[in-house]
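What follows is a set of notes on a single structure, which appears directly below.
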Amino acid sequence: MKNDSVILGIDLGTSAVKCVAMSTSGDIIATTEAPFPLTRDLPGQAEQNPADWLTAVESSVTQLGRNVAKNVSAIGLTGQLPTLVCLDGDRPLPSAITWMDSRADAWASRFLDEPKRQMMYNRTGMPIDGRYLAPMFRHHLNAFGNGVGTILSAKDFLHFALTGELTTDPSTAAGYGLYDLDAMNWSPELCAVWGISSAMLPAVRPSASFSGLREAVASRLGLPSGLPVAVGCADSVASAYAMAGLDSGTVCITSGSSTIIMDSLSKPVRDPQRRYLLTPHVTNGVFGREMDLLSTGTSYRWLNDLLGWDNGRIDMAAARSLAGANGLLFSPYLAGGEQGALWNPNLRGVLHGLTVQHTADDIARAYLEGVQFEIRRCVDILAETSGIERVVLAGHAASHPATLQMLADILGRPVAAYDHPSPAAIGAALLAAPSVARPRQTSTQEASAVPSSVRTDYEKLYRRYCTMFPAIAEAAD
């Protein structure tokens, strides 16, 4: 590989495509982004058009400029998961059902009795619900019609569009709800449960295996034809890989449209209570324990819009309130359900204790505290069976010192900030060229917070929060 060659990481996120161009010496040369729309016309609906993804990819890549693009020597991919794309022949249906879509939740809850749930968790390492690809497909089957020949995740569709190969990787395959974690392939038994033929599924290959970039696509993107394109991995895995490599003992927290909490282990330790996902990592024999808070970034934007604030005002306003938000508690279950420590599709957001004396600053503080209390729940569960030596935070919260300090106080642990806005795209690039130096610009030592004296107050507030909101969860069942 030439010294001036560029590795391109592409992250097909929930609201935008992000590209990161890295040199082989670990310098971030360019970061670009192109958004795409989301359809929410019906209750619970959250759909996107795969054609919009491809338009955004073209826009994001061409923003890099010709001087960067001509030196790209490999491409790595990652993407939102689980998001369902159905192909009729080589053509995607115009409606991709994203992981935010809740319309299959109630049906899946009725379909999955306790024995099925336990069997599926034993096989897949996933607490299966209506937001995995298999139940999504089964629930929406009549809407799709009879022409569907292949089902793919969003990232796998992007790989297909770039290379013509129908391929997935183990971490992405886990999001289908059909992948046998121990056999490392599709489960015939699970395919039968959901009525899906294995012929409809892509081949499972290692994350760091490659296909060639198609000539027509290379021409549109301004990239060299035949470039190696890595199969890639799920966005949660890519982010953790960028933030911590394969190190055990590090919990990576990535805040985007959702918040992902993940560590890594060298053995597949399933949770008897099915409280976390056991996800294959980028390397065979390494597993990520993953917990996802569904709508933290989405609800952050919602609250900004509701209060008429610019992006980032929530963090500044919260810093003006006190720990405990003057008695307010905010359960941040605004996606219509949760998949963090509390797997319950019936959970809803609650603002408790509101009076006319409370201010918008208090509401902002209560919201951020609610999100961080849920992160604490997740971290505590991971700590039950494995030591936690470091916590690393990426996303918008990492750029606000007061919010970073709040998290350190709530967790009772030091928290380091990861300073690049797209760790998933960086992880994808690193996967495409493992010999590339890790980016120097993303040192986790430059910004960090250690627990302060407020930690004692937050221990009491956290216990109060946990006492109140599990009761709501039980009442909703």
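The values are calculated or read from the model by the stated rules, or taken from the named source; none is laboratory data. Keep in mind that this is a model prediction, so the values were computed, not measured. For neighbour counting, all protein chains shown are included, and Cβ atoms are generated from backbone atoms with ideal geometry for every residue, glycine included.
Worth a mention:
- Residue, modelled with the lowest pLDDT, within segment 279-302, restricted to residues that are surrounded by 22 or more Cβ atoms within 10 Å (Cβ to Cβ) and among the hydrophobic types (A, V, I, L, M, F, W, C): L294
- No other residue among R365, R348 is surrounded by fewer than 22 Cβ atoms within 10 Å (Cβ to Cβ), over 18 Å from the mean Cα position of the chain (by Cα) and not assigned by TED's automatic domain parsing to the domain that holds I29 apart from R348.
- Of everything listed in (1) crowded, with 20+ Cβ neighbours inside 10 Å; (2) closer than 30 Å to S211 by Cα; (3) not β-branched (V, I, T), the single unmet condition for A46 is (2).
- For T78, the criteria (1) part of a loop (DSSP other than H, G, I, E, B); (2) modelled with pLDDT of 95 or more; (3) hydroxyl-bearing (S, T, Y) hold in every case but one, which is (1).
- L293 being under 30 Å from N311 (Cα atoms) and not assigned by TED's automatic domain parsing to the domain that holds Y179: yes
- Test: residue in segment 152-165 that is free of Cβ contacts under 8 Å to residues at least 12 places away in the same chain and out of contact with any Leu (no Cβ under 7 Å at 6 or more places or on another chain): no
- Residues (of a type in the set (S, T, Y) and either within 15 Å of M120 (Cβ to Cβ) or in the same structural domain as A432 (by TED's automatic domain parsing) (or both)) located in segment 164-211: Y176, Y179, S187
- Top-ranked residue in segment 312-342 [being more than 17 Å from the chain's Cα centre (by Cα) and in a strand (DSSP E or B); ranked as surrounded by the fewest Cβ atoms within 10 Å (Cβ to Cβ)]: L329
- Here T31 passes the criteria (1) closer than 19 Å to A234 by Cα; (2) of a type in the set (V, I, T); (3) in contact with a Lys or Arg (Cβ under 9 Å, 6 or more places away or on another chain) except the one numbered (1).
- Residue-level check: of (1) within 30 Å of S109 (Cβ to Cβ); (2) surrounded by fewer than 16 Cβ atoms within 10 Å (Cβ to Cβ); (3) in contact (Cβ under 8 Å) with a residue 40 or more places away in the chain; (4) not hydrophobic (A, V, I, L, M, F, W, C), R220 misses just (1).
- Count - residues of segment 134-162 that are small (G, A, S), within 30 Å of A216 (Cα to Cα) and within 21 Å of the chain's Cα centre (by Cα): 2
- Residue within segment 236-252 that is buried (at least 24 other Cβ atoms within 10 Å of the Cβ) and farther than 30 Å from A398 by Cα present: no
- Number of the condition not met by G130 [criteria: (1) at pLDDT 95 or above; (2) touching a helix residue (DSSP H, G or I) at 6+ places or on another chain (Cβ under 6 Å)]: (1)
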